[in-house]
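Visitor: Dumping the structure here so I can ask a few things about it.
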Amino acid sequence: MSRLAAISASVAVVALIGATAYMTLGNSSDDPFEQCRTGAVAGGGAAIGGPFTLVNSEGQTVTDVDVITEPSLIYFGYTFCPDVCPFDSARNSEAVDLLAERGISTTPVFISIDPERDTPEVVGEFAYNNHEKMIGLTGSPEQVKAASQTYRTYFKAQPAEDEYYLVDHSTFTYLVLPEVGFVEFFRRETTPEQMADQVACFAKAAGK
């Protein structure tokens, strides 16, 4: 199997895993964001998201409270990712710019699932090169694993034959609101315009 085919297969598998987990959360008639959702999703998303402790580009230990101060688009990936992560990060950055044009401030967040290579400096440079507002986070293997588990994401490094090993991982982007938490996820096929429309709806419903 070619490297590209292997990546595509891994993305398909983890996407299915993530979608299944998301769909099993249940529905709530008290969901204040019901009008913003495009599919059968759970009100509140209680099973996804929560506290995390990681390290920012300055080498400082930060928590979710420090990072999520406005509507935030959280993505788990790694800087050595050959195609998926750069494309998704660029899409998220474009959505942030579209929202800014509407007067809605949002923060893109990139959490590395490859702490062995993604030092604070490396992840910080990757984040800034994508968008000046993007926050890059890494941490110890234990911190990264805990954050990943909090958001029910998947990642697994392939056997490291050299420094260019790949990491299989889920590819959802999570919309998280301060004082509310996780409210929605976006698949890879979501366009910047579609993402901006939905984020705007959630922000308005939350009074942000």
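The values are calculated or read from the model by the stated rules, or taken from the named source; none is laboratory data. Note that the structure is predicted; figures quoted are calculated from it, not measured. Note that each Cβ is placed from the backbone with ideal geometry, even for glycine, and that neighbours are counted across all protein chains shown. Protein only, heavy atoms only, side chains kept; ligands, DNA and RNA dropped before computing areas. Shrake-Rupley method; radii C 1.70, N 1.55, O 1.52, S 1.80 Å.
Visitor: Explain nothing, just the number: dipole magnitude of the stretch 72-208 about its Cα centre with +1 on each Lys and Arg Cβ and -1 on each Asp and Glu Cβ, in debye rounded to the nearest 20.
Guide: Magnitude of the dipole: close to 640 debye.
Visitor: Same structure again: Assign one of three labels to the stretch 62-106, namely rounded, prolate or oblate, based on the Cα gyration tensor with a ≥ b ≥ c the square roots of its eigenvalues; rounded applies when a/c is under 1.5, prolate when it is not and a/b is larger than b/c, and oblate otherwise.
Guide: Note, shape of the stretch 62-106 comes out oblate.
Visitor: Among all the aspartates and glutamates, which ones have a C-alpha under 17 Å from Lys133's C-alpha, if same-chain residues fewer than 8 places away are not counted?
Guide: Within the straight-line cut-off, Lys133 pairs with Glu58, Asp64, Asp66, Glu70, Asp88, Glu94, Asp97, Glu101, Glu121, Glu125.
Visitor: Oh, and also: Note the full-extension length gain between Lys156 and Lys204 as 0.36 nm times their separation in residues minus their Cα-Cα distance, in nm to one decimal.
Guide: 13.6 nm
Visitor: DSSP loop chymotrypsin sites (Phe, Trp or Tyr not before Pro) in the stretch 89-193 with at most 11 other Cβ atoms within 10 Å of their Cβ, which ones?
Guide: Answer in residue order: Tyr164.
Visitor: To continue, here is another question. Would you work out the charge dipole size for the stretch 46-136 about its Cα centre, treating the Cβ of every Lys and Arg as +1 and the Cβ of every Asp and Glu as -1, and quote it to the nearest 20 debye?
Guide: Here the stretch 46-136 has a charge dipole of around 200 debye.
Visitor: With every protein chain kept in place and ligands, DNA and RNA left out, what is the accessible area per residue of the stretch 38-189? Probe 1.4 Å, answer in Å².
Guide: Each residue of the stretch 38-189 exposes 45 Å² on average to a 1.4 Å probe.
Visitor: Stretched out fully, how many nm does the piece from Thr119 to Phe87 gain, at 0.36 nm a residue minus the Cα gap?
Guide: 9.4 nm
Visitor: I would also like to ask the following. Tell me, what % of the accessible area of the stretch 80-126 is carbon and sulfur with a 1.4 angstrom probe?
Guide: Working: 1030 of 1890 Å².
Exposed carbon and sulfur together represent 55 percent of the surface.
Visitor: Also, I was wondering about something else. Quick one: which residues, 5+ away or cross-chain, put their amide H under 5 Å from the amide H of Gly181? H built at 1.01 Å from N.
Guide: For Gly181, whose amide H was placed from the backbone, there are no distant partners under 5 Å.
Visitor: Still on this structure: When the solvent-accessible surface of protein heavy atoms is calculated with a 1.4 angstrom probe, in what order do Lys204, Lys156 fall, highest first?
Guide: Final ranking, largest accessible area leading: Lys204, Lys156.
Visitor: Give, in nm to one decimal, the length gained when the segment between Ser105 and Glu70 is fully stretched (0.36 nm per residue of separation minus the Cα-Cα distance).
Guide: Values: separation 35, 0.36 × 35 = 12.60 nm, distance 0.72 nm.
Here the answer is 11.9 nm.
Visitor: While we're on this one: With r as the distance between the Cβ atoms of Thr38 and Glu132 and R0 = 41 Å, compute the FRET efficiency 1/(1 + (r/R0)^6) and round to 0.05.
Guide: Efficiency at R0 = 41 Å is approximately 0.90.
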